[in-house]
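Here the structure comes first, spelled out in structure tokens, and everything after it is commentary.
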Amino acid sequence: METRAHRFVFIFLLLFYQLSVLADRGFSEELDDVLEMDLKQLMQMDVLVTSVSKRPQKLHEAASAIYVVSQEDIRRSGATNIPETLRMVPGLLVAKVDQNNYAISSRGFNRQTTSNKLLVLIDGRTVYGPGVSGVRWVVQDTMLEDIDRIEVIRGPGAALWGSNAVNGVINIITKTSRETQGTLLAGGAGTEEKGFGSLRYGGKIGEKFHYRVYGKYRDRDDGKNSDGREAFDEKQMFQSGFRSDWQVSTKDHLTLQGDYYETQLENDLRSEFVSFAPPSTILIRNEETDTGANFIARWNRALENDSAFKLQAYYDRVSRNSNRINTTVHQLDMEFQYDFRLGERQDISWGLNYHFSGFDTDTAIQVLRGSQDTYSFGLFIHDEITLIPKTWSVILGSKFEHNEFSGLEIQPNIRTVWTPNPKHTYWAAVSRAVRIPGASEDGLQFNSSGASAGPPFVVRIIGDGRTEAEELLAYEAGYRAQIQENFSLDIAGYVFQYDNLIDLTTGTTFIETTPSPTHAVTPLTFDNALKGEVFGMELSAEWRPYDSWRLALGYSYNTIDLRLTNPSAVSSAENPEGEPNHIFNIRSYLELPHDLEFDTLLYYVSEYTEREVDGYTRLDLRLGWKPTPQFELSLIGQNLLEDQHPEFGNDIQFRSEVERSFIAKATFRFK
Amino acid sequence: MFESFSMKFIRASTFPLIVLLSISVFCLAPSFAAGPDSREYVLKAGYIYNFTKFIKWPDRANGEIEKKGLNLCSAGEDPFGNILSKLAQKLKKKKNKLLIIPRVSIKKMAQCHILFVSQSEESRLDQILFRVKEYPVLVIGDTPGYAEKGVGINFYLQKNKIRFEINREALKKAGLAVSSELLNLGRIVPGRKMR
């Protein structure tokens, strides 16, 4: 395994020698935009990263393991959806389950529907579903061209973001409508992506009010099963949305945005929810229609003395409908945040939030709790104390949150950053984070089909309310360096101690006579059955040997050691210990004469024993031609080394494999 | 448990160490590129380009600029990396000539039309300002306190946005005429008594 990885390094070192063409940094396009702006427009532009402290901060001074995917990185990756853009992030495991579903996690615990310790937000709206306890990537989309950046924090962010930000936070941030003026038309087709297109128009009313509207469509082909047969997982989706930014006065900024989508997808399930009410036939293959709508309003106000407040509210509704299951999840969220400076040395933020989620479901799922409407409210406080100006600071903060599943949860952290000079940054942190059980783990019961031959037999998945929150105590440290003007390095290491991890435990099979027919039931009950340690490190480096050649590298090592806390319990669920230990990627961005760009992306993921997936290497190439800022043409080849390979397992759904594919894409921009 | 962790650590460290070592071998070739906060400096480059539209150099310097191009220098550790040279490339297409002189020596500073003084030169700032005192040089910085000490335009950050302060006396002493529009957008700083 490691010798293979060594070989990649060797190959790329050879590449360093062979390529001596001049290359680029990737800000070239940004600079084009900036040159078009006047001073007033420049004064509206955001400079820095926000995720780590919930207030703007310089990336290299951040006291956590953060990685930022820029718009340029997205454009040059050739990715056609959000999950694919995340492959480049060091330490993230991105595994494609089938054409629709992805399993994504940082620092372990990657699961298909319940990669449940990673919080994901799009423009401040959480897309972590309370029903599935995780992110359904299949319905997360937006105009890729309008994404400003994706900030990925590995490790807990719970002191700011609250529960479920246990082993990572992904913040997808779109551009303001001021930055997306004019028309953008992008479209293409390929062997897997049968056709996709998106159209955006950005306009303004006066100098203070900017808006954009967009629509996009995608038609994706079925994947292939491991035996080469066509899988049952194609997808068609349509999404549209808008955003408006109104600079009401020099101090007030009002943002309204919203999206609507409709996705039709095919599922090839290994088992299905069973209801003994007719019709009781078990449909393994089904078609599902998902619709979603959301609306956010946000008011930012700048006050005297560098203080500011933010007030945000959103509503989000997602429904899934097929002939077997119908569920709707509503979420309403309100948030207030206030930032101020106390004296010369303290930057303080505090905030309040309220979250409601409602869960409607059909008869196949039995509700054990009285109501599926749940509330949580919280308070956070964050104090950044400068001990030695520009050199040493300490951050103290905590989130206090009350939820209906596990009551009051206190999630504090302490962080410190030491910057002896602008080129070197050392940081360390200790934090506590919890994941509160989702509705399926605490309050629901449903039957899943067992073996189909013989007398009726069901597996009953029971969330009977006995679960408590999963707890994490995390120790992290890192080092960031600008070793040379053209070479930067980022290393982070961590030891995570988990307790009360929720898992399914198997009970004794029994016979049930009602409802008829008589059937056997094997109960699987959610319980806090596991504890253990996770340990690992991540490394990323960026090197620009020439003006027009940029190389980036990411490597991560992760290992998980878990044990059962209840000796009588038999864990029947997946074992996270069998996740890949090594993830490696190296990317080359090269700018050639005649406005050509040549980009190489190589990914390696080591053996995934739990999923019976061998280690694999994936090579993507992109040739771009950008003769003018208005027009761009890309030819993209993905997974070029193999006809097909699997990235994930066969548990809930039959997996389909990742095939070699080609895409051609054109982008036009008009003022 | 922790014993097995230390073994795992050793195993885990060998591979990244090899990667690190191999990379460091190749880092000896110096080249100018942007640092980790490049977006900030891309925006600042945009500001500097815009400033040239609002500032008028005295006739002689202006003649030079029109004929040979504008000399944009930086003193000390250059936080712009290769952003300024890229800017020059792009402006060339627009028929605006910009000559970039990174890490300009103190002797040649008087030839600059714009001089960006990096934070690394904080201790030598007085010396630099003294050197360009009699010349039409627009001195720009992005370090707190620079404007008060006599730097013409000094960037600062406020609410994640770039702002700038202007020392009017310093600009006047350098013989630079500033449009009122620029003065309205910046924060006026009373400079300390110029020597």
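Could you pull out every one of the lysines with an alpha carbon less than 16 Å from that of residue A:216, ignoring same-chain neighbours closer than 8 positions?
A:194, A:235, A:665
Can you work out the FRET efficiency for the pair residue B:188 and residue B:134, with r the C-beta to C-beta distance and R0 = 25 Å, to the nearest 0.05?
In this case the efficiency is close to 0.55.
Using a simple spin-label model with points 7 Å from Cα along the Cα→Cβ vector, what separation in nm is obtained for residue A:402 and residue A:315?
My value for the distance between the label points is 2.6 nm.
If you line up the Cα atoms of the stretch A:117-246 on their principal axes, what length do they span on each, largest first, in Å?
59, 41, 23
If Rh is defined by the Kirkwood formula over all Cα pairs and Rg also comes from Cα, what ratio Rg/Rh do you get for the stretch A:502-618?
My calculation of the ratio gives 1.28.
If the limit is 26 Å between Cα atoms, which of A:117/A:531; A:390/B:173; B:53/B:92; B:67/B:172 go over it?
Violating the 26 Å limit, Cα to Cα: A:390/B:173.
Using the crude model of +1 on Lys and Arg Cβ and -1 on Asp and Glu Cβ, and no other charge, please compute the dipole size for the stretch B:38-188 relative to its Cα centre, in debye to 20.
Dipole magnitude for the stretch B:38-188 comes out near 680 debye.
Please report, in whole Å, how far the alpha carbons of the stretch A:144-215 spread along each principal axis, starting with the longest.
Dimensions of the stretch A:144-215 along the principal axes of its Cα atoms: 44, 40, 15 Å.
Residues with amide H under 5 Å of residue A:129's amide H, sequence separation 5 or more or different chain, H placed in the peptide plane at 1.01 Å from N; which?
The list, which skips near neighbours in sequence, is A:134, A:135, A:136.
Would you kindly derive the ³J(HN,Hα) couplings of the stretch A:561-566 from the backbone phi angles with the Karplus curve 6.51 cos²θ - 1.76 cosθ + 1.60 (θ = phi - 60°), listing them in order in whole Hz, with x for Gly and Pro?
Those phi angles translate into 10, 10, 9, 6, 8, 9 Hz.
Take the alpha-carbon centre of the stretch A:85-121, take the same for the stretch A:577-652, and report the distance between them in whole Å.
The stretch A:85-121 and the stretch A:577-652 have Cα centres separated by 16 Å.
How long are the three semi-axes of the equivalent ellipsoid for the stretch A:78-176, computed from the Cα gyration tensor as the root of 5 times each eigenvalue, in whole Å, largest first?
Largest first, the stretch A:78-176 gives 18, 16, 13 Å.
Between residue A:594 and residue A:227, what length in nm is gained on full extension when 0.36 nm per residue of separation is reduced by their alpha carbon distance?
Between residue A:594 and residue A:227, full extension yields an extra 127.8 nm.
Can you give the Kirkwood hydrodynamic radius for the stretch B:38-188, in Å, rounded to one decimal and based on Cα pairs?
15.3 Å
How long are the semi-axes of the equivalent ellipsoid of the stretch A:582-629, taking √(5λ) for every eigenvalue λ of the Cα gyration tensor, in whole Å from largest down?
Taking √(5λ) for each eigenvalue gives 33, 9, 6 Å, largest first.
Relative to the present Cα-Cα distance, how much length would full extension add between residue A:387 and residue A:40 at 0.36 nm per residue of separation?
121.4 nm
Every read-out reported here was derived from the displayed coordinates using simple, explicitly stated rules and does not represent laboratory data. Everything quoted here is computed from the prediction, not taken from an experiment. Backbone-built Cβ (ideal geometry, glycine too); neighbour counts: all protein chains shown.
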